[in-house]
1. So what is log10(I(q)/I(0)) for the stretch 250-300 at q = 0.28, 0.31 1/Å, when the Debye sum runs over its Cα atoms only?
2. Over what distance in Å are the Cα centres of the stretch 226-300 and the stretch 151-217 separated?
3. Give me the Å³ per residue figure for the convex hull around the C-alpha atoms of the chain.
4. Using a probe radius of 1.4 Å on heavy atoms only, what accessible surface per residue do you get for the stretch 128-263? Whole Å² is fine.
5. Ordering THR38, THR43 from largest to smallest accessible area (1.4 angstrom probe), what's the sequence?
6. How many percent of the accessible area of the stretch 1-155 is carbon or sulfur, using a 1.4 Å probe?
7. Highest mean first, how do 153-160, 119-126 rank when packing is the count of other Cβ atoms within 10 Å averaged over residues?
8. Going highest first, how would you order 143-149, 44-50, 87-93 by mean Cβ packing within 10 Å?
Amino acid sequence: LAEQAGFDSFGVGEHHFSNYILPAPLLLLSYAASSTSTIRLGTSVTLLANHDPVRVAEELALLDVLTDGRAEATFARGVSLATAQAFGFSDFDQVRPRFEEHLRLVVRLLTEEEVTWSGEHRGSLEKIRIQPRPVQHPTHSIWVGGGLSQISADLAAELGLPLLLPSLFRWPVDYLDIVQRYRARSVTAGNTPRVGFPTYLHVARTSQEARARFKPRFEQYLSFAKSTRTGFGRPMDFESLLEGPVVCGSPAEVAERICDINDVLNLDRQMFLIDAGGVPDDVVADVIDLMGSSVLPIVR
């Protein structure tokens, strides 16, 4: 549906032991690839510290070949202590160094024809060449998820990778300092910065219909997710969030808000989370259709 509506990309996150029911995003995307032909397919995000980087590089490269260069992955550290512990971490402070080491290795495996490597968090590699080779260069297929601190943004800038800000209950302006730092450091390193930002979105034919449909669903999502989604000191009620990371209204209102967010952050990509709170399938389809017919032509 998203491809038919004219969206550029489709993403699924990685969550474990919860009602998100998304434990294996690359596996799910391989299924989506069989019924699409043009839309980009990506993870948003893959919790890279939990996985073997060689295996991730192989699977991403294979999906890239199967989709003729449409595969993407957003790699991030993650925020759930319970998930980290379930994957063998006794201390959450162990996650970041393993994430950085794994990310650097994945980039090398997808870039270099043959990799010899040694690190602290997995066994050494001697003249390893992953096959098949990916269609895309990692700077086009890998995003770094971050924005809560400067560390991930600095790493993305150093590696020449685009930065995807997190799906938190924060306002776009709250990320300006990190985005500006990322862009400046990317240019200094000789790389081209790219920034993405996710918003919770709902559109209907009228503003009243949109709010009536989405408010109870989003409030349900708020109660479910606020333990791991923070607001940076901002109000976290539905009406207040409509001024920040939630876009809800008629097609004209939604288009205006999308453009307003872009004016703040000068984005290369906006992602829209439209199924928060268990929005029914038929309503999700209606939102996708309205976006394609009445919103995307304006914002493009």
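1. Debye curve over Cα of the stretch 250-300, log10 I(q)/I(0) at q = 0.28, 0.31 Å⁻¹: -1.14, -1.21.
2. The two parts, judged by their Cα centres, are 12 Å apart.
3. On the way: hull volume 37.8 nm³, N = 300.
Enclosed volume per residue, from the Cα hull, is 126 Å³.
4. Heavy-atom accessible area per residue stands at 43 Å².
5. Numbers: THR38 95, THR43 5 Å².
So the residues, ranked largest to smallest area, are THR38, THR43.
6. Here carbon and sulfur together make up 52 percent of the probe-accessible area.
7. Answer by packing, highest mean first, reads 153-160, 119-126.
8. Sorting 143-149, 44-50, 87-93 by mean packing, highest first, produces 44-50, 143-149, 87-93.
The values are calculated or read from the model by the stated rules, or taken from the named source; none is laboratory data. Not measured: the values here are computed from a predicted model. Cβ atoms come from the backbone with ideal geometry, glycine included; neighbour counts cover every protein chain shown. SASA here: full protein model, heavy atoms, side chains in, ligands and nucleic acids out. Shrake-Rupley method; radii C 1.70, N 1.55, O 1.52, S 1.80 Å.
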